[in-house]
Structures are given as structure tokens and as C-alpha cells.
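Undergrad: The structure under discussion is supplied below as C-alpha cells; questions concerning it will follow.
None of the figures in this text is laboratory data; all of them are computed from the coordinates on show. Please read all numbers here as calculations on a predicted model, not as lab measurements. Cβ coordinates were reconstructed from backbone atoms using ideal geometry, including for glycine residues, and neighbour counts include every protein chain displayed.
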Amino acid sequence: MKGTDINMDIINKNIKQTKEFFDECADTWDDTSNYNYEKISAIVTLAEIKEGSRVADIACGTGVLFPEVLSHKPNLLLGIDLSDKMIERARSKYVSPHLRLLASDFFDVHENDFDTIFLYNAYPHFLDKSRLANHMSEMLKPGGRIMIAHGDGRDNINNHHTGKMVSKLSCGLKCAKEEKNNFSDVFNIDMIADTAEIYFFSGTKK
């Protein structure tokens, strides 16, 4: 597995600032975000969630993926977000015996045996891609699938992340064929889309 490529002091500072930023945004997040639910449905469908499986949604925010994922009847959907306030909003919106929410740094979560892990609309905020790939792999069962996706094209995503504050908390998206190489040590990437309308790559644990 590839090692950590970025100084941990930089990563820890980024985590602190990212949490503060999204805590401040939480109350108005749903009012200011525009989601295409047809794209969400397509992304979740492509991940092929099996009934009774274990699913994790990293950086879940207020839970935009939850209804679609839960419609596939997983035994567990674990929503993880760095922001306590985002988790509070998600908890106020969704109640299910199959849903568990956790306010935590993803790298502090050491649960495993997941069948599927989603990272939706949050990939640029993870600065150390190799560390992300390795930790996702540790949480998944052999053959488990990752789905890293955005409901918009790469140019629009990168333009969105040029704002004065958000640009300090993220890094630009490279083309999906290049980004997938960060995961090639531990995943077999078998699906890629990089168009003006959508961006994702997905694969199974080696």
C-alpha cells in the first residue's frame, strides 16, 4: 500500500478548518444545495447494493444519499461526517432502524466488513488520496466496492472550489483516469465517468 504523501500537520489543520466550515454551513446547507436525484439514483444503482449488506457513506453531510441507499434495503447504512452540525441535521431528517450516524473524522473510524462505501461530493476535501484509499480498503470486505462520485462535471466542481475559503480546504480534481491511479494498489477500478455532467470512479477491493 502507498504511504502518507502529505505532512500530518497540514492534514490536521485541514481537518480542523473543514469541520469549522461545514459546522457553519449546516443550518442552510439543504437550502443552498442543488441535487439532481436522477444522478444520485444512477450512482447508487451502479454500486449494486445488495439487500442485507453493510454500507458506509463518508462525508455524508445532511444525508442526500440516504433515501436512495435505504431503498436497496441494506442491513446497515453508516453515515459518517466530520461536522457535528451536519450529523445533527441528518439525524433530524431521517429515522430508520438501519441507519446509524457518526460525527467523526473518517480516519478515526475503525469498523470493517462493509460491502459498499460511498464518497459523494466530497472527494476534493481529502488531501491525501493514498491514505484515503488504504483506509477505505481496510473497512471493506474482500471484493467490497467503493463509489467516489460527484453529481456534476469536473470543470464545474473545480470552479466551485475556487472560493476564498473553500479553496483552502480542498484540492482540484484531476481527470478520473488519473485520480483512479491513487487507488490502483488496493482496488480494481472498473467504472469511470468524466463528462460535463457527472464524475465518478468505482471499483472493488483486491
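Undergrad: Could you work out how far apart the two model spin labels at Asn156 and Thr195 are, taking each label as a point 7 Å from the Cα in the direction of the beta carbon, and quote it in nm?
TA: So the label points at Asn156 and Thr195 sit 1.2 nm apart.
Undergrad: Subtract the Cα-Cα distance of Asn112 and Val95 from 0.36 nm times their separation in residues, and report this length gain in nm to one decimal.
TA: Details: separation 17, 0.36 × 17 = 6.12 nm, distance 2.30 nm.
Computed gain between Asn112 and Val95 is 3.8 nm.
Undergrad: By how many nm would the segment from Glu48 to Lys16 lengthen if fully extended, with 0.36 nm per residue of separation less the alpha-carbon distance? If you can, show how the numbers build up before the last one.
TA: Working: separation 32, 0.36 × 32 = 11.52 nm, distance 3.40 nm.
8.1 nm is the gain from fully extending Glu48 to Lys16.
Undergrad: For the chain, with a Gaussian network of springs between Cα atoms less than 10 Å apart, report the residue from Gly144, Gly153, Gly61 with the top mean-square fluctuation.
TA: Gly153
Undergrad: While we're on this one: Could you estimate the translational diffusion coefficient of the chain from the Stokes-Einstein equation, with Rh from the Kirkwood formula over C-alpha pairs, at 20 °C and 1.002 mPa s, in whole µm²/s?
TA: Working: Rh = 17.0 Å.
Rounded to a whole number, D works out at 126 µm²/s.
Undergrad: If you don't mind, there's one more thing I want to ask. How far is it, in nm, from the label point at Met8 to the one at Cys175 when both lie 7 Å from their Cα along the line to the Cβ?
TA: Between Met8 and Cys175, the simple spin-label model gives 3.6 nm.
Undergrad: Next question, about the same structure. Filter Lys39/Lys85; Lys50/Lys141; Lys50/Lys93; Lys141/Lys180 down to the pairs with a C-alpha to C-alpha distance above 18 Å, please. Don't skip to the end; give the middle numbers.
TA: Numbers: Lys39/Lys85 26 Å; Lys50/Lys141 14 Å; Lys50/Lys93 24 Å; Lys141/Lys180 20 Å.
Exceeds cut-off: Lys39/Lys85; Lys50/Lys93; Lys141/Lys180.
Undergrad: Go ahead and set up a Gaussian network model of the chain, Cα springs under 10 Å, then flag whichever of Ser71, Ser137, Ser41 fluctuates most.
TA: Ser71
Undergrad: Could you check which residue among Ala196, Ala90, Ala59 shows the biggest mean-square fluctuation in a GNM of the chain with a 10 Å Cα cutoff?
TA: Ala196
Undergrad: If you don't mind, there's one more thing I want to ask. Hey, for a label at Asn75 modelled as a point 7 Å past Cα toward Cβ, could you say which residues of the stretch 104-134 have their backbone N under 16 Å away?
TA: Within reach of a label on Asn75, which here means backbone N under 16 Å from a point 7 Å along Cα→Cβ, the stretch 104-134 contributes 111-117.
Undergrad: In the stretch 68-153, which GluC sites (Glu not before Pro) fall in coil by DSSP and have 16 or fewer other Cβ atoms within 10 Å? Don't jump to the answer; show the numbers that get you there.
TA: Details: sites: Glu68, Glu88, Glu111, Glu138; in loops: Glu111.
Filter output for the stretch 68-153: Glu111.
Undergrad: Find how much the distance from Asp31 to Asp105 grows on full extension, using 0.36 nm per residue of separation minus their present alpha carbon separation; answer in nm with one decimal. The partial results should precede the final answer.
TA: Details: separation 74, 0.36 × 74 = 26.64 nm, distance 2.49 nm.
Extra length available between Asp31 and Asp105 comes to 24.2 nm.
Undergrad: Taking only DSSP H segments of four or more residues, each worth -39500 (n - 2.57), what value at 222 nm results for the chain once the sum is divided by all its residues, to the nearest 500 deg cm²/dmol? Mind showing how you got there, number by number?
TA: Working: 8 runs with 69 residues, N = 206.
That comes out to -9500 deg cm²/dmol.
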